[in-house]
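Here is the structure we will look at, set down as structure tokens.
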Amino acid sequence: MTNYSASTIDRIGDITRGIHVKTSILPATTVFDHDPGTKVDNFTVYGRIRIIGLNFEVTTALSNNAALLKWQFESTTPVIAASDISAVSLTVAQMVVGGRIMWRGTAVDTAPDISATQASIAVVQDWMDVGLTAGVGIVSSICTTATCTSGAGFFNLYYLPISDGAYAVAAQ
Amino acid sequence: MSNYSPSTIARIGDLNPKRGIVCRTATVNNTAVFVATAVNIFKITGKIRIVSLDYEAISEFGAQASVPRWQFVSTTPAVALTNISAASASNSAMALGSRVVFQGTALNTAPAIDAAPGISPKPANAMDIGSEGGALHLAIDADVAQTSGTSVFTLCYLPLTDGAAAEALM
């Protein structure tokens with residue numbers, strides 16, 4: 001058994017599960033606000049990438065409000081309107097610290113999973129390409145149905161580049 | 001979280017089996033590739049696994065009912081032109097950013113056209129193509145010619161035999 005340094009382990013992770021980018025910790029009142037339900041930018045995508053994983057991880061338990069979350073992609077250059085890349089999740093009410101909302105990737109109308117604990121029982125196997133060759137776009141989330149009054153968390157993206165020079169950065 | 005250079009990001013993609021090595025064409029005029037006969041797009045040496053294979057509308061397609069299907073023609077050993085997909089639905093006036101994605105499931109499975117431009121779900125299956133020491137071309141036959149628009153073809157693959165590789169022909 002090898003004894004890798006932390007940085008080597010990180011590099012192995014990037015190679016095997018895709019490059020990881022994450023947002024800062026965001027208040028639930030921003031991410032899970034269904035009124036007016038405007039999109040929350042998660043990641044800016046330059047070129048075309050392959051999404052290997054996409055999730056929201058809770059860092060402060062969410063309030064008892066039956067908010068639902070879905071993800072979208074929109075191209076800003078050239079301008080193409082936002083389209084869903086998932087259906088809405090089940091309720092996020094009272095999600096605990098470490099719980100995750102996990103995008104599945106299978107189809108644009110596949111609902112994300114909710115893991116009630118830090119243990120995610122069904123690792124995402126599918127992937128989805130988003131973005132245009134030489135374009136710029138945004139992966140965003142939208143909340144529906146209810147608004148969380150407390151809690152916090154952040155978004156994780158795991159990706160691979162497809163078009164020449166493609167990459168993604170956190171939008172906030 | 002790492003802050004990689006573009007070349008390192010590209011190498012990470014090469015090493016991941018959910019992408020593999022990327023081989024792309026330049027932006028090509030549709031009039032040169034979507035015609036009524038087969039046009040060679042990629043040259044394959046040896047045997048590869050097609051992880052994904054698609055073309056993207058860099059500008060809107062013409063309003064002609066092209067129904068492209070993927071084929072291969074092996075030069076070493078000589079094997080006649082063979083379909084590896086069914087014809088797609090019509091590409092007429094396909095919007096900028098839309099992709100048509102090879103599905104890999106069977107030789108008569110039609111490629112899938114993006115429901116929304118720039119969003120392409122994973123194809124159903126991979127497909128292995130080629131042979132040890134062989135050489136072939138991946139070709140596209142649109143049946144109905146396009147009169148306008150531009151495209152980029154993208155092949156993501158893994159090599160399966162010694163020295164296996166793919167090369168864009170345009």
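Brief remarks on what is shown
- Among (1) under 15 Å from the mean Cα position of the chain (by Cα); (2) closer than 28 Å to A:Ser150 by Cα - the single one A:Thr91 does not satisfy: (1)
- Any chance A:Gly105 is touching a strand residue (DSSP E or B) at 6+ places or on another chain (Cβ under 7 Å), more than 21 Å from B:Leu96 (Cβ to Cβ), more than 10 Å from every other protein chain (Cβ to nearest Cβ) and not in a strand (DSSP E or B): no
- Those residues of region A:60-79 which are in a loop (DSSP other than H, G, I, E, B) and surrounded by 24 or more Cβ atoms within 10 Å (Cβ to Cβ), in sequence order: A:Leu62, A:Ala67
- The number of residues in region B:58-71 that are aromatic (Phe, Trp, Tyr) and within 11 Å of the chain's Cα centre (by Cα) comes to 1.
- Residue that is within 14 Å of chain B (Cβ to nearest Cβ), over 12 Å from the mean Cα position of the chain (by Cα) and surrounded by 14 or more Cβ atoms within 10 Å (Cβ to Cβ), where the choices are A:Val45, A:Val21: A:Val45
- Residue list for region A:105-127, restricted to those being at pLDDT 90 or above and among the hydrophobic types (A, V, I, L, M, F, W, C): A:Ala107, A:Val108, A:Ala111, A:Ile114, A:Trp127
- Number of positions in region A:142-172 that are assigned to a strand (DSSP E or B) and either surrounded by fewer than 17 Cβ atoms within 10 Å (Cβ to Cβ) or more than 8 Å from chain B (Cβ to nearest Cβ) (or both): 14
- All told, B:Ile41 meets the bar of being in contact with a Phe, Trp or Tyr (Cβ under 7 Å, 6 or more places away or on another chain) and of a type in the set (Val, Ile, Thr).
- Within region A:116-141, being surrounded by fewer than 20 Cβ atoms within 10 Å (Cβ to Cβ) and of a type outside the set (Val, Ile, Thr) holds for A:Ala116, A:Gln118, A:Ala119, A:Ser120, A:Ala122, A:Gln125, A:Asp126, A:Ala134.
- Of all residues in region B:1-57 being of a type in the set (Phe, Trp, Tyr) and over 12 Å from the mean Cα position of the chain (by Cα), the one that is modelled with the highest pLDDT: B:Phe34
- Positions within region B:83-136 being on the phi > 0 side of the Ramachandran plot and of a type in the set (A, V, I, L, M, F, W, C), in sequence order: B:Ala93
- Only one of the listed residues (A:Leu54, A:Leu132) is within 14 Å of another protein chain (Cβ to nearest Cβ), hydrophobic (A, V, I, L, M, F, W, C), under 19 Å from A:Pro161 (Cβ atoms) and more than 16 Å from the chain's Cα centre (by Cα). That residue is A:Leu132.
- Tally of residues being touching a Gly at 6+ places or on another chain (Cβ under 8 Å) and over 9 Å from A:Val92 (Cα atoms) across region A:56-77: 11
- Pair list, Cβ < 7 Å and 6+ apart or interchain, from region A:30-43 residues that are among the small types (Gly, Ala, Ser) to residues that are modelled with pLDDT of 95 or more: A:Gly37/A:Ile142; A:Gly37/A:Cys143; A:Gly37/A:Thr144
- Filtering region A:111-141 to residues that are free of Cβ contacts under 8 Å to residues at least 60 places away in the same chain, in a strand (DSSP E or B) and not hydrophobic (A, V, I, L, M, F, W, C) leaves A:Asp113, A:Ser115.
- Screening A:Ile85 on (1) within 11 Å of chain B (Cβ to nearest Cβ); (2) under 22 Å from A:Gln172 (Cα atoms); (3) in contact (Cβ under 8 Å) with a residue 60 or more places away in the chain shows it passes everything except condition (3).
- Of B:Glu56, B:Glu60, all but one fail to be surrounded by fewer than 18 Cβ atoms within 10 Å (Cβ to Cβ), within 14 Å of chain A (Cβ to nearest Cβ), in contact (Cβ under 8 Å) with a residue 40 or more places away in the chain and acidic (Asp, Glu); the exception is B:Glu60.
- Residue count for region B:3-53, restricted to those that are out of contact with any Cys (no Cβ under 9 Å at 6 or more places or on another chain), of a type in the set (S, T, N, Q), surrounded by 15 or more Cβ atoms within 10 Å (Cβ to Cβ) and closer than 30 Å to A:Leu157 by Cα: 3
- Restricting the first member to region B:5-16 and to residues that are at the interface with chain A (Cβ under 9 Å from one of its Cβ atoms), and the second to residues that are of a type in the set (Phe, Trp, Tyr), the beta-carbon pairs closer than 6 Å and six or more apart or on different chains are B:Ile9/A:Tyr167.
The values are calculated or read from the model by the stated rules, or taken from the named source; none is laboratory data. What you see is a predicted model, and the numbers here were worked out from it, not measured in a lab. Glycine also receives a Cβ, built like all others from the backbone with ideal geometry; neighbour counts cover every protein chain displayed.
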